[in-house]
Every structure is written in structure tokens, then in C-alpha cells.
Amino acid sequence: MSCKPVDVVVPRGRYDTKVIQMKCGETNHHGMRVTCDPCLNSKESMQEIARQKANMDADNAWNRSAGWGEM
Ligand SMILES: [Zn+2]
């Protein structure tokens, strides 16, 4: 599987935006995972991403219950 850079629009200053390139799997300024087109079109990749997210949610739930807050 070959990942491609993803164009992400980010705010620059108050009224301006710019486009940066991020790697697939990185987290953007919204805290959302950046996913490239080949991955979006790949069933296996999306399953893997969903699995990782489920793990993260489980960790956060555990941290909350332990009083450690979210990661
Ligand atoms: Zn990718």
C-alpha cells in the first residue's frame, strides 16, 4: 500500500488560510486523523484505522475512569 501526502487547509492568522501537506496517519489541527485517498479507498486500511481508533477510545475511557483525563 502506498500512501500519498494529503493537502490540509489550516488557518493562518485570523482571516487567512494556507495549504500544508501532511502524511497519512498524522493528526491535523482539529485533532482528526489525516487519511490519504489510497487509504480512503482501501477497505483494509479503513478497518485498520477504525481498529486503532477503537483502541484509543478504550484507552481514553480507561484514563477517565482512572482520573487521568484524556490523552
Ligand atoms: Zn494512506
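The values are calculated or read from the model by the stated rules, or taken from the named source; none is laboratory data. Since the model is a prediction, treat every value here as computed from it, not as a measurement. Glycine gets a Cβ as well: all are built from the backbone with ideal geometry, and neighbour counts include every protein chain shown. Areas reflect the complete protein model, heavy atoms only, side chains present, ligands, DNA and RNA absent. Shrake-Rupley method; radii C 1.70, N 1.55, O 1.52, S 1.80 Å.
Loop-located chymotrypsin sites (Phe, Trp or Tyr not before Pro) in the chain (DSSP state other than H, G, I, E, B) with a sparse environment of at most 15 neighbouring Cβ atoms within 10 Å: 15, 68.
Skip the ligands, DNA and RNA, and give the accessible area per residue of segment 20-63 with a 1.4 Å probe, whole Å².
On the way: 3170 Å² over 44 residues.
Ligands and nucleic acids excluded, the figure is 72 Å² per residue.
Built from the Cα atoms of the chain, the convex hull projects on average onto 6.0 nm², one quarter of its surface area. Can you list which of the GluC sites (Glu not before Pro) found in segment 1-49 are DSSP loop residues with at most 16 other C-beta atoms within 10 Å? Sites meeting the loop and neighbour criteria: 26.
Multiply the residue separation of residue 32 and residue 2 by 0.36 nm, subtract the distance between their alpha-carbon atoms, and state the gained length in nm to one decimal. Kindly include the intermediate steps, with their values, before the conclusion.
Numbers: separation 30, 0.36 × 30 = 10.80 nm, distance 2.07 nm.
Stretched fully, the residue 32-residue 2 segment lengthens by 8.7 nm.
Within the accessible area of the chain, the carbon and sulfur atoms contribute 53%, probe 1.4 Å, all protein chains present. Here the Gaussian network model covers the chain, with springs between Cα atoms less than 10 Å apart; of 57, 16, 37, 16 fluctuates the most.
Dividing the summed -39500 (n - 2.57) terms of all DSSP H runs of n ≥ 4 by the residue count of the chain sets its mean residue ellipticity at 222 nm at -12000 deg cm²/dmol.
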